[in-house]
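Take a look at the structure below.
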Amino acid sequence: MRDLLGDMVSCLKVEDLQIRSKGKALLDVRSLVLDGPGPTLILGPNGAGKSLLLRCLHGLISPDRGQVIQDGKLLGAEQKARQAMVFQQPVLLRRSVASNLDFVLKRQGLGRPARRARIAELLTEGGLDGKARQPARSLSGGEAQRLAILRALALEPETLFLDEPTSALDPGATQVIERMVLRASSRGVRIVMVTHDIGQARRLASDVVMMQGGHVVEHGAAKQVLDAPESDASHRYLAGGLVT
Amino acid sequence: MFRALIRAAVMALGLSTSMVSAEEPFIVVQSTTSTQNSGLLEYILPWFEAESGIDVRVVAVGTGQAIRNAINGDADVLLVHAKPAEEQFVADGWGVERKDLMYNDFILVGPKSDPAGIRGGADILAALSAIAAAEVPFASRGDDSGTHKAELGHWSAAGLDPTDASGAWYRETGSGMGATLNVASGMDAYTLTDRATWLSFGNKGNLEVLVEGDPRLFNQYGVILVNPEKHVHVRAASGQRFVEWLTGPDGQEAIASFRLEGQQVFFPNAQ
Amino acid sequence: MQGFASEFSAAVALIFEGDSELWAIVLLSLKVSVFAVLISALIGMPVGAALAVARFPGRRMLIVLMNALMGFPPVVVGLLVYLMLSRSGPLGVLELLYTPTAMIIAQVVLVTPIVAALTRQVVEMLAEEYSEQLRSLGVSRLASVPVLLWDARLALVTALLAGFGRAIAEVGAVIIVGGNINHVTRVMTTTIALETSKGNLALALALGAILIGIAIAVNAMVSAVSLRAEQEGLRHA
Ligand SMILES: Nc1ncnc2c1ncn2[C@@H]1O[C@H](COP(=O)(O)OP(=O)(O)OP(=O)(O)O)[C@@H](O)[C@H]1O
Ligand SMILES: [Mg+2]
């Protein structure tokens, strides 16, 4: 389908999505359609339900009500296999940096020489040259986050979820990641990314989802949501007030 | 690391096959701790093994357990000292024939201070009665072994039932002769032991021989080939050869030449 | 005991004389226990890992049972294995009683629950941490078992060493199924039992000292392994 439709990016849709715990809705999204051409950035205060939403979209938790639809089909194993996710707290395997990437590449059935070449390529892309043999668990926080992103990219997903991937990065590394994200997006990968960095949202987003208390309070073009938010909650969040 | 483990496993496998050379013929002999602890078997077996090429594997346990193991089919030859039980074993068809092999004797040992005042006596029944009257510690095997059976026989011949005092002055160790001697040595108790184990025992401490020489203390050993009709796997030919050697002139001579601290302790008496 | 000092110096002398009988016994002990632990690893690790990741009715019960088996009295294990391997037992035809193989079997029965229980604990903890990440990478529950085992390798080596410690120091089971036959199934612990019963405390002490030495070496390896784990940031906490 991708070949036929050229640059057409996959489309994600949720309808009447609910996740409940102890009688309380943690996530309650009436309707959300992600079909814009560029990256979607999700913003909102701590505990708003951003991570929950990503895990739902990625099929890691099944909602108590409602469903996730990708390209017109219910989210199933086949759809999930074409997604990748970088967790807010990435889990790196207890092996070397290169083996963490190799683990993913091997599962795609690549031969040894092809894997070796791809690993070198990825490490260069993430600025981790020379770290190939280091145990992944001994990387610094920022390096670990970069490796997690490279590992997700190695899956060559059509949809990439990123949960605050630059929260621990220095400005230079943040730029590296942002460039990687934009490059992936321009290749036709759907990017759904959570951030608390409003500047980053301005730099990357084509559309912005504003969340609060488990609800999507606003969704629209980046410029509009960031510069002229409609909801009160968005206003306060962007102004730096504490939103609960 | 796992590769190293696997390599080690393969190595161990190779080693384990070489651990037991299956080619060499062998027999399993269920015997008692007294014949092993004294060193008698270790002393005479090399002669038989050199002559016959048969490896004799000795499992030394109490007489009761040795007989039970043999009934289970886990022995080719039984070499123990509890004549009534041995005769029962043969009568029940488990053994082919019981042959007298040798005897040694029991002795009563106790602390040098001798609180029951039995030193120098030659009457085992009188000595046991004195111990019971004085209620001084006595360590019993308590393990259904030949020695234990002999000891119980003497108590009842003296008209006593020491198990009434079990846990008080009568201490049942439930262990082998050596372990029981260790207990006696540790708590200055009297105990009945075979002379061979006593002489080769290395931890005598305060103990010494107090009563010996009573004919009732003679201890007859028998040897029995396990019945191949009951257990088809019994290595009857090799076992028979061992029994014949033991009861023949070569074996009897070997037994007679065994010395502990310069003393003969096993007296061959096969017919 | 007034003889302790002299027994002890005799023991030290025995060790340093390099008595060949003594070292043959030590070597057999090591072979039997190393082999037993390797087999226990092959059985216990997959079982433990499966119990950690699989979900089925009765799983809790199995885990409780396995933990209880860890403390099973060796003598009872020895008796059970004897009854199996005895000529009148179901496996009698294999002619394994009174061989090193019988001792290996008894030790496998003793050590496998330890390896399985510790593996389950370690892998379950790791699985909790890895679960979402592995699912995100498209790894199925079953396929996650080797991944988890490999990533828990350092903790698992510790589990194996713990099992080895139990195996090599055990006497009750191996004396029943091995028979303590000279040059065939006589290992360190059964020799200690025998020599103690002969009142030969020096040889018993010498072997005891070697056993303690092995225990210390094993523990040193455990701490070296966990030190390395720490340095590599492989700690599972
Ligand atoms: N398993 C759970 N049981 C109960 N409550 C949960 C569970 N998972 C998440 N929550 C709650 O749901 C809410 C949303 O959590 P979520 O992780 O999505 O927040 P977030 O928007 O990603 O916040 P942050 O910006 O801090 O990462 C939080 O209040 C959290 O405590
Ligand atoms: Mg979050």
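Odds and ends about this structure:
- Between B:GLU42 and A:ARG202, the modelled label-to-label distance comes to 9.2 nm, taking each label 7 Å out from Cα in the direction of the beta carbon.
- Total formal charge among the other residues, if their Cβ is under 15 angstrom from that of B:VAL59, Lys/Arg +1 and Asp/Glu -1: 0
- When the listed pairs A:LYS13/A:LYS106; B:LYS149/C:LYS198; A:LYS50/A:LYS223; A:LYS106/C:LYS31; A:LYS80/A:LYS106 are checked against a 29 Å cut-off, the alpha-carbon distance exceeds it for A:LYS13/A:LYS106; A:LYS106/C:LYS31.
- Degrees between helix C:153-168 axis and first principal axis of chain C (Cα, 0 to 90, nearest 10): 30 degrees
- Across chain C, the relative contact order, built from alpha-carbon pairs under 8 Å that are at least six residues apart, equals 30 percent.
- Using only side-chain charges placed at the Cβ, +1 for Lys and Arg and -1 for Asp and Glu, the dipole size of segment B:105-217 relative to its Cα centre rounds to 240 debye.
- Distance between segment A:187-244 and segment A:77-144 - C-alpha centres, whole angstrom: 30 Å
- Separation of segment A:29-59 from segment B:31-96 is 82 Å, based on Cα centroids.
- Shape call, segment C:22-236: gyration tensor on alpha carbons, a/c limit 1.5: oblate
- Label zone at C:TRP150, where the point sits 7 Å out along the Cα-to-Cβ direction: segment A:83-108 residues whose backbone N lies under 18 Å: A:91-108
- Accessible-area composition of the protein assembly as shown, carbon plus sulfur, in percent [1.4 Å probe]: 58 percent
- Around A:HIS235: net Lys/Arg minus Asp/Glu count, Cβ-Cβ under 12 Å: -3
- Label-point separation, A:ALA228 to B:SER156 (7 Å along Cα→Cβ), nm: 11.3 nm
- Compactness index (Cα Rg / 2.2 N^0.38 Å), segment C:69-153: 1.57
- Sorted on the mean count of surrounding Cβ atoms within 10 Å across their residues, most packed first, peptides B:73-84, A:59-70, B:157-168 read B:73-84, A:59-70, B:157-168.
- Against the main long axis of the alpha-carbon atoms of chain B, helix B:146-157 sits at an angle near 30°.
- Charge tally in the Cβ shell below 9 Å around A:PHE103, where Lys, Arg are +1 and Asp, Glu are -1, A:PHE103 excluded: +3
- Across segment A:145-221, Cα pairs under 8 Å and at least six residues apart give a relative contact order of 27 percent.
- Cα centroid separation, segment C:1-50 to segment C:134-192: 15 Å.
- Separation in nanometres of the label points that stand 7 Å from Cα toward Cβ, at C:SER140 and B:ASP92: 5.6 nm
- Legend: mean number of C-beta atoms from other chains within 10 angstrom of residue C-beta atoms, peptide C:136-145, equals 4.
- Positive end of the dipole of the protein assembly as shown (Cβ unit charges, origin at the Cα centre): among C:THR191, B:TRP245, A:GLY111, the Cα lying farthest that way belongs to A:GLY111.
- Taking the longest Cα principal axis of chain C as reference, the axis of helix C:74-85 is set at about 90 degrees.
- Set of lysines with alpha-carbon distance to B:LYS99 below 18 Å, sequence-local pairs under 8 removed: B:LYS83
- Look at the stretch A:90-98: the mean tally of other chain Cβ atoms within 10 Å of its residues' Cβ atoms is 5.
- Using the Cβ-Cβ distance between B:ASP250 and B:VAL209 with R0 set to 22 Å, the FRET efficiency works out to roughly 0.10.
- Residues of type aspartates and glutamates that A:LYS131 reaches as a straight line, Cα spacing below 20 Å, ignoring anything fewer than 8 places off in the same chain: A:ASP102, A:GLU121, A:GLU143, A:ASP170, C:ASP151, C:GLU230, C:GLU232
The values are calculated or read from the model by the stated rules, or taken from the named source; none is laboratory data. Everything quoted here is computed from the prediction, not taken from an experiment. Because the Cβ atoms are built from the backbone with ideal geometry, glycine has one as well, and the counts that use them run over all protein chains shown. Areas reflect the complete protein model, heavy atoms only, side chains present, ligands, DNA and RNA absent. Shrake-Rupley method; radii C 1.70, N 1.55, O 1.52, S 1.80 Å.
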